[in-house]
Amino acid sequence: MKTEIEIQTSYIQLGQLLKLANIFDSGGMIKHYLQTEGVLLNDEKEHRRGKKCYPGDTVSIEDVGTFIVTKQ
């Protein structure tokens, strides 16, 4: 499943993107998941909540799906 996450700014932080995707109930859950599991950002493992994601970037979460950052 590929889902587009539309942003109005030039970038979005990874933690904010995951919050917009409505996968986790809280920011604490996002922090814990990134620290323990991590996600694939453009096919590279990423654990930093503050990592900047730009339009065209893809974030893949195991057993959930893939999210594509798009510009409004």
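The values are calculated or read from the model by the stated rules, or taken from the named source; none is laboratory data. Small disclaimer: the values here were computed from a predicted structure and weren't measured. Ideal geometry is used to build each Cβ from the backbone, glycine not excepted, and the neighbour counts take in all protein chains shown.
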Exercise for the section: Kindly indicate the residue of the range 62-72 that is at pLDDT 95 or above and under 16 Å from Gly15 (Cβ atoms) and also surrounded by the fewest Cβ atoms within 10 Å (Cβ to Cβ) among those meeting that condition. Expected result: Val69
Completion exercise
Checked the range 5-55 for anything in a helix (DSSP H, G or I) and either in contact (Cβ under 8 Å) with a residue 40 or more places away in the chain or among the basic types (Lys, Arg) (or both); matches are Leu14, Leu17, Leu18, Lys19, Lys31
Completion exercise
Restricting the range 24-52 to residues that are surrounded by 15 or more Cβ atoms within 10 Å (Cβ to Cβ) and closer than 18 Å to Gly65 by Cβ, the one modelled with the lowest pLDDT turns out to be Phe24
Exercise for the section: Go over the candidates Ile7, Ile30 one by one and state the one that is of a type in the set (Val, Ile, Thr) and within 10 Å of the chain's Cα centre (by Cα). Expected result: Ile30
Exercise for the section: Could you please find all residues in the range 1-59 being acidic (Asp, Glu) and in contact with a Gly (Cβ under 7 Å, 6 or more places away or on another chain)? Expected result: Glu46
Practice task
Could you please let me know if Lys2 is basic (Lys, Arg) and either in contact (Cβ under 8 Å) with a residue 60 or more places away in the chain or touching a Phe, Trp or Tyr at 6+ places or on another chain (Cβ under 8 Å) (or both)?
Solution key: yes
Completion exercise
Of (1) in contact (Cβ under 8 Å) with a residue 12 or more places away in the chain; (2) in a helix (DSSP H, G or I), Val59 satisfies every one except (2)
Problem - Residues that are of a type in the set (D, E, K, R) and in contact with a His (Cβ under 9 Å, 6 or more places away or on another chain), drawn from the range 12-38 - result: Glu37
Handout entry: Looking only at the range 15-56, and only at residues there that are among the acidic types (Asp, Glu) and touching a strand residue (DSSP E or B) at 6+ places or on another chain (Cβ under 9 Å), the one that is nearest to Glu4 (Cα to Cα)
Key = Asp43
